[in-house]
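Please read the structure below before turning to the comments.
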Amino acid sequence: MAREFTSVGVVGLGTMGAGIVEVFARNGLDVVAVEISDAALERGRANLTGSTDRAVARGKLAEADRDALMSRVHFAVGLDALRSVDLVIEAVPEHLDLKQRIFAELDRVCKPEAILATNTSSLSVTEISVATTRPNQVIGIHFFNPAPVMKLVEVVRTVVTSSDVVDDVEALCARLGKVDVTISDRAGFIANALLFGYLNHAVTMFEARYASREDIDAAMKLGCGLPMGPLALMDLIGLDTAYEILDTMYRRGGRDRRHAPAPLIKQMVTAGLLGRKSGRGFYTYERPGSPKVVPDEHTPVAAEPALTDGARATAKVGVVGSGTMAIGIIEVFAKAGYEVVSVTRGAEKSAKVCEAVKTSLNKGVVRGKLSEADRDAALGRVTWSAALEHLADVDLVVEAVVEELSVKKALFASLDEICKPGVVLATTTSSLPVIDVAMATQRPADVLGLHFFNPAPIMPLVEIVRTIRTSGEATATARAVCARLGKTSVVCGDRSGFIVNALLFPYLNDAVRMLEANYSTADDIDHAMKLGCGYPMGPFELLDVVGLDVALAIQRELYLELREPGFAPAPLLEHLVTAGYLGRKSGRGFRDHTSR
Ligand SMILES: NC(=O)c1ccc[n+]([C@@H]2O[C@H](COP(=O)([O-])OP(=O)(O)OC[C@H]3O[C@@H](n4cnc5c(N)ncnc54)[C@H](O)[C@@H]3O)[C@@H](O)[C@H]2O)c1
């Protein structure tokens with residue numbers, strides 16, 4: 001018969017524990033909330049009241065419900081208070097010996113039929129379970145941060161967990177309004193195994209001054225639609241906890257160098273910069289525990305560069321190319337009031353590009369986003385040409401031709417001869433080294449990357465790629481132009497994948513490897529990332545949209561440039577591409593799209 005859970009215990013009321021108490025108490029369970037000392041108990045109580053008070057202030061919880069919730073929580077110091085609960089979930093710091101000690105003690109204190117659960121993110125549930133005399137009643141219940149908000153729970157069964165315990169815990173998750181995925185005991189389970197390599201990589205980028213904290217975070221939010229940037233997420237998780245998780249994953253997960261914690265994390269932990277909980281991590285917060293970021297000495301002073309920063313006046317822009325990106329970019333510039341010269345390789349192509357821009361602008365009119373007059377004015381600002389010579393008097397050129405280095409180099413050599421001095425020459429390449437293109441000209445200081453995202457009229461982000469030869473003036477000009485286009489620009493160095501693709505594609509590749517290893521299904525992995533981390537799409541949904549061939553090409557470039565063994569393309573990805581399963585565009589990728 002299924003167990004009835006009426007009262008549960010939570011051990012440790014830090015970032016996760018306090019949230020877990022809230023989840024249980026909100027759903028009508030009595031909770032015994034346990035800490036190690038009176039002072040820690042008070043902090044835990046403050047975590048809980050802070051969170052429920054915020055929920056009341058935001059209108060998400062009625063005051064009476066908050067009071068009822070709080071009345072269901074009994075606070076205590078020491079594990080003895082857990083004698084009569086039906087289930088205990090432990091959320092103390094991520095140390096195996098500490099957790100084993102607590103489980104041995106819980107085994108002694110709790111009634112024989114009680115289920116003992118751990119919220120560990122990366123430690124072996126099996127190793128924790130053998131500290132008790134009831135390993136068949138030990139299970140992982142991995143909540144996501146913030147526990148009251150995130151829908152996902154990973155239920156971790158070991159080889160000895162009884163199936164009735166798994167069933168009862170799954171039923172409990174449903175009662176809590178959570179979606180569970182049940183998996184076996186592997187370091188990082190699904191979500192953290194895919195998340196922490198990415199987070200560590202983002203810290204490494206910041207540590208190497210490849211880009212600023214604001215730019216790394218903005219890039220992932222605006223380029224991928226993630227709810228938070230990686231550095232803000234590190235602050236939410238807690239740098240001490242993140243360090244322990246990475247360290248455990250490194251040791252348990254095959255010593256993948258990508259999980260070896262970036263040295264900066266350890267330094268920050270030692271310095272007491274633990275993230276939100278200590279009031280300072282990558283960002284500075286109003287006070288410890290507050291989610292509100294306040295400016296500090298690293299906050300950029302002016303959001304938009306002015307002409308005084310060396311930005312050159314830009315009024316007329318050339319766009320070279322006739323593909324999807326060129327078409328979108330022409331529209332973006334024309335709508336923002338720039339005079340645009342579109343150059344293609346022939347009158348026929350120009351007519352097609354013109355038609356495509358018209359169609360897209362018309363869609364804007366139909367959707368009520370653009371007036372007819374503005375559409376006509378935008379179109380009136382574009383000149384259609386098949387001769388590069390027409391770029392002689394533009395102030396900026398944006399190249400968006402085929403992704404082949406030889407073609408781009410030849411084009412830049414021609415632009416160098418045709419364009420007037422002082423013009424910024426930009427390439428939209430997503431994978432080629434910008435410096436190679438720059439060195440095809442006699443003016444590498446004026447060459448940079450302007451990496452727009454597809455569809456350009458919609459995606460709010462542009463990566464400005466600065467080579468080792470790019471001048472400050474050229475960068476300032478690009479930033480000023482992006483601001484006038486209404487885009488958020490982030491500045492980064494000339495490395496394969498820039499910010500977004502370098503952080504995104506290895507994660508997608510890791511998801512393919514996880515599927516290949518049969519650890520979980522595509523559906524559960526997609527669910528885990530959407531419901532556990534708030535991603536707008538799961539990795540397999542996204543791969544099918546992006547195109548598996550595109551993903552493979554980017555992943556190959558990253559691997560070739562960085563020689564990181566963990567970046568080697570997953571064999572399954574290679575096989576699917578060879579088999580012609582390219583995603584939505586070919587009707588089949590990880591999923592079959594023909595019948596939908
Ligand atoms: N932070 C996250 O985003 C996150 C997400 C999911 C899971 N987890 C996991 O949850 C667990 C807790 O992480 P956290 O981030 O909440 O840590 P935390 O440092 O914020 O909180 C840990 C709490 O445990 C208390 N504690 C320590 N020893 C104790 C003992 N002997 N008895 C009772 N309480 C004790 C501490 O006083 C502290 O309040 C870890 O296993 C972590 O991996 C964390």
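Tabulated data for the structure shown
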read-out: The listed residue being β-branched (Val, Ile, Thr), modelled with pLDDT of 95 or more and away from the ligand (no atom under 16 Å from the Cβ), out of 324, 299, 344; value: 344
read-out: Residue within segment 103-113 that is under 18 Å from residue 137 (Cβ atoms), buried (at least 17 other Cβ atoms within 10 Å of the Cβ), within 16 Å of the ligand (Cβ to nearest atom) and among the acidic types (Asp, Glu) present; value: yes
read-out: Helices (runs of 4 or more DSSP H) wholly inside segment 227-304 that include at least 3 residues being among the charged types (D, E, K, R); value: 239-252
read-out: Residue that is surrounded by the most Cβ atoms within 10 Å (Cβ to Cβ), among those in segment 142-174 that are more than 10 Å from the ligand (Cβ to nearest atom) and acidic (Asp, Glu); value: 168
read-out: Residue ID - surrounded by the fewest Cβ atoms within 10 Å (Cβ to Cβ), chosen from residues in segment 535-582 that are within 30 Å of residue 178 (Cβ to Cβ) and at pLDDT below 95; value: 545
read-out: Subset tally (residues that are under 23 Å from residue 500 (Cα atoms), among the small types (Gly, Ala, Ser) and in contact with a helix residue (DSSP H, G or I) (Cβ under 6 Å, 6 or more places away or on another chain)) for segment 403-431; value: 1
read-out: Residue match in segment 125-141 (condition: within 16 Å of the ligand (Cβ to nearest atom), assigned to a strand (DSSP E or B), hydrophobic (A, V, I, L, M, F, W, C) and touching a residue at least 60 places away in the same chain (Cβ under 8 Å)); value: no
read-out: Total residues in segment 394-430, condition crowded, with 19+ Cβ neighbours inside 10 Å and part of a loop (DSSP other than H, G, I, E, B); value: 9
read-out: Within segment 451-561, helices (runs of 4 or more DSSP H) holding 3 or more residues that are of a type in the set (D, E, K, R); value: 472-484, 500-516, 522-527
read-out: Residue in segment 65-72 that is basic (Lys, Arg) and more than 25 Å from residue 129 (Cα to Cα) present; value: yes
read-out: Members of segment 1-53 found to be in contact with a Ser or Thr (Cβ under 9 Å, 6 or more places away or on another chain), within 19 Å of residue 237 (Cα to Cα) and without any contact (Cβ under 8 Å) to a residue 60 or more places away in the chain, listed by number; value: 18
read-out: Cross-chain or 6+ apart pairs with Cβ under 6 Å, segment 186-212 first and at pLDDT 95 or above, then basic (Lys, Arg); value: 197/258; 206/213
read-out: Residue match in segment 233-254 (condition: away from the ligand (no atom under 15 Å from the Cβ) and at pLDDT 95 or above); value: no
read-out: Breaking point among (1) within 27 Å of the chain's Cα centre (by Cα); (2) polar (S, T, N, Q); (3) closer than 23 Å to residue 334 by Cβ; (4) at pLDDT 95 or above, for residue 477; value: (1)
read-out: Scope segment 10-34; condition surrounded by 19 or more Cβ atoms within 10 Å (Cβ to Cβ), closer than 15 Å to residue 176 by Cα and more than 33 Å from the chain's Cα centre (by Cα); matching residues; value: 29, 31
read-out: Test set (1) within 14 Å of the ligand (Cβ to nearest atom); (2) closer than 27 Å to residue 123 by Cα - residue 50 fails condition number; value: (2)
read-out: Flag for residue 39 being modelled with pLDDT of 95 or more, more than 8 Å from the ligand (Cβ to nearest atom), small (Gly, Ala, Ser) and over 27 Å from residue 135 (Cβ atoms); value: yes
read-out: First in segment 164-179 and more than 19 Å from residue 19 (Cα to Cα), second anywhere and at pLDDT 95 or above and part of a helix (DSSP H, G or I), Cβ under 6 Å, 6 or more apart; value: 165/137
read-out: From the options 55, 2, 46, residue that is within 26 Å of residue 132 (Cα to Cα) and out of contact with any Pro (no Cβ under 6 Å at 6 or more places or on another chain); value: 2
read-out: Filter result (within 14 Å of the ligand (Cβ to nearest atom), within 35 Å of the chain's Cα centre (by Cα) and either of a type in the set (Val, Ile, Thr) or surrounded by fewer than 23 Cβ atoms within 10 Å (Cβ to Cβ) (or both)) within segment 72-93; value: 88, 89, 92, 93
read-out: Number of positions in segment 434-456 that are surrounded by fewer than 19 Cβ atoms within 10 Å (Cβ to Cβ) and either within 23 Å of residue 423 (Cα to Cα) or at pLDDT 95 or above (or both); value: 5
read-out: Condition check for residue 366: within 38 Å of the chain's Cα centre (by Cα) and either more than 18 Å from residue 400 (Cα to Cα) or surrounded by fewer than 22 Cβ atoms within 10 Å (Cβ to Cβ) (or both); value: yes
read-out: Residues of segment 431-449 that turn out to be small (Gly, Ala, Ser) and not in a helix (DSSP H, G or I), as a count; value: 3
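For (1) among the β-branched types (Val, Ile, Thr); (2) buried (at least 19 other Cβ atoms within 10 Å of the Cβ), each residue gets a yes or a no:
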| position | (1), (2) |
| --- | --- |
| 191 | no, yes |
| 205 | no, yes |
| 223 | no, yes |
| 227 | no, no |
| 236 | no, no |
| 239 | no, yes |
| 261 | no, yes |
| 265 | yes, yes |
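The values are calculated or read from the model by the stated rules, or taken from the named source; none is laboratory data. If you're wondering where the values come from, they're calculated on a predicted model, not measured in any experiment. Because the Cβ atoms are built from the backbone with ideal geometry, glycine has one as well, and the counts that use them run over all protein chains shown.
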